[in-house]
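Input: a single structure, listed below in structure tokens.
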Amino acid sequence: MAVEMLSYIKRTSPVHELSGATKLILFIMWSSAAMLTYDTRILLFLFIMSIAIFMVSKIHFREISFVLYFILFFLLLNNMAIYIFSPQEGVRIYGTSHVLVDIAGRYNVTMEQLFYQFNITIKYFVVIPAALLFIVTTHPSEFAASLNRIGVPYKIAYAVSIALRYIPDIQRDFRNIAQSQQARGIDLSKKEKLFKRVKNTASIIIPLILSSLDRIEVITNAMELRGFGKNRKRTWYSGKSFKRADYFMLVLGACILGATLLITFHDGNRFYNPFV
Amino acid sequence: MNRKGLSVKTIVAIGIGAAVFVILNNYVSIPSPIPNTKIQTSYGFLALMAVVFGPIAGGLIGLIGHALSDTTSYGSVWWSWVVVSVFVGFFIGLVSKKINIESGIFGVRQIVTFNLVQFIVQAAGWFLIAPTLDILIYAEPSNKVFVQGLFAGIANIISVAIIGTILLIAYARTRGKTGSLTKDM
Amino acid sequence: MKNAIIHFEHFTFKYRSQTEPTLHDINLTIHEGEKVLIVGPSGSGKSTLAHCINGLIPFSYSGEIHGSLKIKEKETKELDLFSISKMVGTVLQDPDGQFIGLSVAEDIAFALENDCIKQEQMKEQVMDVLKLIDMENYLEASIHELSGGQKQRVALGGVMVDQVEILLFDEPLANLDPATGKQAIELIDRIQKETSTTAIIVEHRLEDVLHRNVDRIIVMNEGRIVSDSTPDELLASNILGENHIREPLYVKALKYAGCTITHNMHTANLDQLDISSCKEQLQKWFENTQLQNSQDKEAPILEVENLTFGYHTGKKTLQNISFSIKKGEMVSIVGKNGAGKSTLSKLICGFEKVRSGRILYNGKDITNDSIRERSQIIGMVMQNPNQMISKHMIFDEVAMGLVMRGVPEEELRERVDKTLKVCGLYPYRNWPISALSFGQKKRVTIASILVLNPEVLILDEPTAGQDLRSYTDIMEFLMELNRSGVTILMITHDMHLMLEYTPRALVIADGRLIADDSAAHVLTNQAIIEKANLKETSLYDLAVRADIPDPLEFVARFIAYDKEARKIWQ
Ligand SMILES: Nc1ncnc2c1ncn2[C@@H]1O[C@H](COP(=O)(O)OP(=O)(O)OP(=O)(O)O)[C@@H](O)[C@H]1O
Ligand SMILES: Nc1ncnc2c1ncn2[C@@H]1O[C@H](COP(=O)(O)OP(=O)(O)OP(=O)(O)O)[C@@H](O)[C@H]1O
Ligand SMILES: [Mg+2]
Ligand SMILES: [Mg+2]
């Protein structure tokens, strides 16, 4: 079960140096730009930029490759689903139909459909490096501080921090419960019958959940005993203050978002149409 | 203690709830009779937390849990569905006052109320909101997203009906009744 | 006389779910700057009392309070948790709940963050505390990478950073190796003196706490205070024995030898102990006590060959461990915090996969067997009870393994009841586990494995947090199992347990096996003691000071004699 999860990778790079709040705002602007536009030229530009930033960050491709395979597989499925459900979506959007191959009925291959699906796919390729970078270059504890800095109430920001703090613990608990249950005779392999397996899964998640509920109590006590929530504000040990690079990046990010919106919507259509 | 804002316990419940949601979402599913399909356990858990800790906790666990689970496993967040998780957590939480699980009573009447509510809320969320947002944000083909929403909705309704109900029963049993423990020699 | 800082008056408390009060009519005054130790059997209400002082009762655990509790002249019922936490800093008993931050430094800074201290100042303060607890090299370490003992130190740090007037420790030594325990006590002592705070320590390891002076010892039993006196007075009396609390071993030896202990002998501290009046009696007792010993060796049942393992690539937690255990042996595994003892036991049970090396059972290679296959022969009780408990009710938890094996109802009930009795849990069999004290929870997990009758039994710190009576009950039952042929491996920080019950000891330090020898020899080898953070027993010192020619033999004879003396309980 212990599938790897994405987490912070320690390194010294200009990207790591930026404050978490900067990266969070940049990431939000970046993904809004990518989400809103269907303009292929902008998407390509953003894609190349994100590859460049990725190289600056000194993160190695192999460190995150396991997620990429996952995503590629997901994209493939998504593309297939789009084609199966709506093979004429591209034609509808771009208003022309350049047929390349005929298969059966509605199912032909048009340049418009290929272009539409290419656009959908590249949107992911724009967001993914940014998202991955944000995750692996921002220390989880700094993340909570950043949320607070951009206006999220500190208590909620702290809830996120608790979630990040306890994911490994709960994962370990889950393992320990599974191990100790197995040591007392529960079979989790696929050998058992369906009903038995459902029951066995339940016999692990119920203790996991009930013990997590107990844990909520213990942690609440510990936090209250150390004065959490007594003031309207709190400071953060691992917060980073803004430096010149942070302001520069924020301005740059805002410019990119502004330009994207301008170019995308000035003619009232989100799609860039090369067919007319 | 009357302090403004959320209580420390609710905050911790949101944090731990989101962490458990991530683990369940990523690793723990129940095999189903249909090959290659699994039933997620996470929504059953979300429903439990919403009933126990109320609508705000429910909504935020949906938000933080779903977003973290997406980022840690895909590297990007599918926002339209996250919104639905928030919606589901929040509105199931709204009925919590009706059920009053802390009393330790979760009988037939409560089970029926709970499942009725979860059905309505999830149906609205998965069958309507999710596909609509998919079209608006991602410009995906409408028939595709409606079918996706339909499948996800049915699976999650079943998950909450089975796992959520079992968990609530188990939880209600742990609410010890006042003055009930004595040593039996 | 100094001012009273904590003042209980006819204080009674009943948990909401209980029918009987847990604390009865407590009258207790603690003065400013005092250092007070609270002892008592497991489940006697020590943690409950501590919770009353730090405000968790009534603000977090609901229940009924009668009488009054004042802290600094203020009635606690009328305060709130935050104002109490400004006055009282608590190190909780449960090792899991204490850490909130992601890294060591952040966790220590937690209280400062909540007080809105500026970052630079915070960093300085945190660094000071880290130096104090000797963890400055772990500034950025994630909490998950720490061993039990290191965690305990961070917990101490997290409380010390906030300048409170009362420090409350609920079993601060529970997971610490002997040398670290000693340091922790020195640390608490130093900090208490330097900052002239009031310190309250709840602890089972009386002798270890007495390593540094305490002003008073409160003895609790069944929710009542049965004694409140100075250490010297208490040790001169029979109160500890009557309440099943382990006396310092040297005191017990003096009593066995028939010495009259008076409170002006300075019994509370071995270094200051005035032994002149007892020397002769001790020597005579030594000559009159005999020891019979016989041990026949059988074929090896468990062999470990060149075991190497690491949780992360690049870092080795265990290196090249090899040893062999004979059938029917009872062996302890000792070593400092974080040495890899728990990891070793997980490897043997198959919870983790070895990197290289082999594990043999009866000569058969089981390195690739699944957890379940191994569980048929090897039973393991994990260090942290919370990770093993999966059922809501005590009876169901203990019965679970048997249910899975399809044992018929009647036999199941019989076996479970018997085991519950052995572990002193029978009266609680129909309780939810959540209503138990920490020591009681640990016993539930021991029971849940004992009931399965494994061939090889591995126990990770079975006696941590147990009082002398549960300790004796559990250990005697293990001895009985051992005599009937069960092989037992025990991970422990209790040097006396090692000497008393396990003829042989494996010593692990920094991931390597540094000794495999008789328990007595291990504890007389200064190099090993130092390398593995062990501690020689006070009995040895006592024997030296009484001019007994063979101190080692004195220790052995004491153990044999003491075991007989405690048999009366059964
Ligand atoms: N949350 C709770 N709800 C109900 N009863 C409780 C609760 N916590 C403790 N008790 C009861 O109070 C008794 C005393 O518990 P407490 O934790 O104070 O013991 P203790 O002296 O600290 O024991 P130990 O040395 O094992 O930690 C226990 O026997 C238990 O039955
Ligand atoms: N699941 C884990 N993942 C990563 N590192 C771990 C894990 N468990 C333990 N470690 C590390 O392995 C080392 C050995 O830990 P282990 O728990 O075996 O020590 P121990 O000898 O049992 O210590 P203690 O006496 O404090 O219980 C420690 O440095 C610890 O930080
Ligand atoms: Mg206790
Ligand atoms: Mg250990």
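The values are calculated or read from the model by the stated rules, or taken from the named source; none is laboratory data. Computed from a prediction, not measured in an experiment: that's the story for all the values here. Every residue, glycine among them, receives a Cβ derived from its backbone with ideal geometry; neighbour counts consider all protein chains shown. In case anyone asks, the SASA skips ligands and DNA or RNA and just uses the protein heavy atoms, side chains included. Shrake-Rupley method; radii C 1.70, N 1.55, O 1.52, S 1.80 Å.
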Reachable aspartates and glutamates, given that their alpha-carbon falls under 18 Å from the alpha-carbon of C:Lys74 and they are not under 8 places away in the same chain: C:Glu9, C:Glu32, C:Glu165
Unit charges at the beta carbon, dipole of the range B:24-143: most positive-side option, B:Trp126, B:Gly93, B:Leu63: B:Gly93
Pairwise label distance in nanometres, C:Lys563 with A:Ile28, each label 7 Å out on the Cα-Cβ vector: 6.9 nm
Pairwise burial A:B, computed as accessible area of each alone minus the pair, summed, 1.4 Å, Å²: 5100 Å²
Minimum 50 Å² accessible area buried by the other protein chains, the range C:131-159 residues, probe 1.4 Å, relative to alone: C:His144
Using distinct alpha-carbon pairs, which all enter the 1/r mean, Kirkwood radius of the range C:218-268 in Å: 11.3 Å
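Can you send over the carbon and sulfur percentage of the accessible area for the protein assembly as shown, probe radius 1.4 Å, protein chains only?
Heavy-atom surface of the protein assembly as shown belonging to carbon and sulfur, 1.4 Å probe: 57 percent.
Rounded to whole Å and sorted largest first, what semi-axes of the equivalent ellipsoid does the C-alpha gyration tensor of the protein assembly as shown yield via the square root of 5 times each eigenvalue? Numbers along the way, then the final one.
Values: eigenvalues 629, 199, 160 Å².
In descending order, the three semi-axes are 56, 32, 28 Å.
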Accessible area per residue, Å², the range C:220-324 with all protein chains present, probe 1.4 Å: 53 Å²
Cα-derived Rg over Rh, computed across chain A with Rh taken as Kirkwood radius: 1.06
Positive dipole terminus of chain C, leading residue within C:Ser47, C:Gln18, C:Pro427 (C-beta point charges): C:Pro427
1.4 Å probe, heavy atoms, protein only - residues of the range C:352-395 losing at least 20 Å² accessible area vs chain alone: C:Glu352, C:Ile371, C:Arg372, C:Ser375, C:Met382, C:Gln387, C:Met388, C:Ser390, C:His392
For C:Ile394, net neighbour charge (Lys/Arg +1, Asp/Glu -1) across residues whose Cβ lies under 10 Å away: +2
In degrees, nearest ten, helix A:194-225 long axis to first principal axis of chain A (Cα): 70 degrees
Virtual spin-label span in nm between C:Lys193 and B:Asn143, 7 Å along Cα→Cβ: 8.5 nm
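Please compute the volume of the convex hull spanned by the alpha-carbon atoms of chain C and report it per residue in Å³.
So the per-residue Cα hull volume is 153 Å³.
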Among beta bridges that DSSP assigns inside the protein assembly as shown, antiparallel share in %, nearest 5: 55 percent
Cβ-derived FRET efficiency at R0 25 Å, C:Lys86 paired with A:Lys233, nearest 0.05: 0.90
Label zone at A:Leu261 (point 7 Å along Cα-to-Cβ), backbone N below 18 Å, the range A:18-39: A:25-39
Euclidean distance of C-alpha centroids, the range C:482-523 and the range C:111-183, integer Å: 30 Å
Whichever aspartates and glutamates have a C-alpha closer than 14 Å to that of A:Lys10, once near sequence neighbours (fewer than 8 apart) are set aside: A:Glu63, A:Glu142, C:Glu140
The range A:169-276, Rg to Rh (Cα coordinates; Rh as Kirkwood inverse mean 1/r): 1.30
For the range C:4-245, Kirkwood radius (reciprocal of mean inverse C-alpha pair distance, Å): 18.4 Å
In sequence order, calculated HN-Hα J values of the range C:405-410 (Karplus, 6.51, -1.76, 1.60; Hz; x Gly/Pro): 8, x, 6, x, 2, 5
1.4 Å probe, heavy atoms, protein only - residues of the range C:1-50 losing at least 10 Å² accessible area vs chain alone: C:Arg16, C:Ser17, C:Gln18, C:Thr19
Non-local Lys pairs in the range A:140-237, i.e. 8 or more apart or on different chains, that have alpha carbons under 21 Å apart: 4
Protein accessible surface hidden between C and B, which excludes ligands and nucleic acids, total in Å², probe 1.4 Å: 1500 Å²
At 0.890 mPa s and 25 °C, Stokes D of the range C:300-537 from Kirkwood alpha-carbon radius, µm² per second: 134 µm²/s
Protein heavy-atom accessible area occluded, A/C pair - total, 1.4 Å probe, Å²: 5000 Å²
Within the protein assembly as shown, helix-based [θ] at 222 nm, where runs of 4 or more DSSP H residues each add -39,500 (n - 2.57), nearest 500: -16000 deg cm²/dmol
Förster radius 35 Å - calculated FRET efficiency between A:Ser13 and A:Asn79 (Cβ-Cβ, nearest 0.05): 0.55
Dipole magnitude of the range C:300-537, debye to nearest 20 (Cβ charges: Lys/Arg +1, Asp/Glu -1, about Cα centre): 540 debye
Under 16 Å from the Cα of C:Lys131 - lysines, other chains or at least 8 residues apart: C:Lys123, C:Lys151
Cα lying deepest toward the dipole's positive end in the protein assembly as shown, options A:Phe45, C:Leu506, C:His31, charges on Cβ: A:Phe45
Note, ³J(HN,Hα) from phi for the range C:350-363, Karplus 6.51, -1.76, 1.60, rounded to Hz, x at Gly and Pro: x, 5, 10, 8, 5, 7, 8, x, 10, 10, 10, 10, 6, x
Sites B:Val108 and C:Glu64 - FRET efficiency at Förster radius 30 Å, r taken between beta-carbons, to 0.05: 0.35
Amide N proximity, the range C:234-254 versus C:Arg224 label position 7 Å along Cα-to-Cβ, cut-off under 20 Å: C:234, C:237-245
Label zone at B:Leu136, where the point sits 7 Å out along the Cα-to-Cβ direction: the range A:248-276 residues whose backbone N lies under 19 Å: A:265, A:269-271
